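Input: a single structure, listed below in structure tokens.
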Amino acid sequence: MITSRIVQPSWKLLASIPLDPWVSTLPDEDPLRVTAAQLHQALAQVRWASPKGRKRGVCCGSRVLLLHDYDALDLITDDDLRALPLNTSGIDLLDAALCELRILPRSAQRGTARRHTSSPHTIEELAAVVPEPFRPVTIAYLHAYQDRVSSKYLTIRSKIRSLAYFFDYLTEAHPEVTSAAEVLPHHARGFVDWALPKARTLQRDSAAVNPPRRRSWRVNGTVGGT
């Protein structure tokens, strides 16, 4: 009744039963068999996972699918994982597999880090800092980079900030350039000269807000500072 989706079980029940024997009896085209194969393939790329750990990760994924009546892995969200008990068997491996499959657009997380991390912004949300004329090409580039090179959230965020900085320069120094297709080599040559004074200003502002702390020292029982 559970594997045929006639009833929707509680997590307490799902966590107490071995699902592997149940799933193995299902037809090959059943969503639970299909998603289990996808998780096995993804976890084969996770180097720190042991064979037993991979099985736990697959089983955890099947439990989450049954709990929410999902029939595909891409329906699982960060909120679904955060709602599970911290001691859930296989949850870290399931997290890693979903990141490997690019279903969760971030790096894999373990334990309490998952609970205390807010949902990452999408590329479209991050690109809001980019001047509007250059936003579409930035979004397209970062999606391609995410698919082909790295899906790490911090890397994506850093690249968007760098591109936004460059496009701010173009908007200010070359207002006649209104799209990425119009950018020529001579437009970019002044970027460093434009960026350095701004970087120094930011450093001075940061130092004014957060002045360096005085170092204390002790000589013969007295305390002083430098």
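Cα gyration tensor of the stretch 98-188, axes a ≥ b ≥ c as square roots of the eigenvalues: rounded (a/c below 1.5), prolate (a/b > b/c) or oblate? Show your work: numbers first, answer last.
Working: a/c = 3.22, a/b = 2.39, b/c = 1.34.
Note, shape of the stretch 98-188 comes out prolate.
Return the lysines within reach of Lys55: Cα separation strictly under 29 angstrom, same-chain partners fewer than 8 residues apart disregarded; answer none if there are no such residues.
Cα-Cα hits under 29 Å: Lys12, Lys152.
None of the figures in this text is laboratory data; all of them are computed from the coordinates on show. Since the structure is predicted, the reported quantities are computational estimates derived from the model, not experimental observations.
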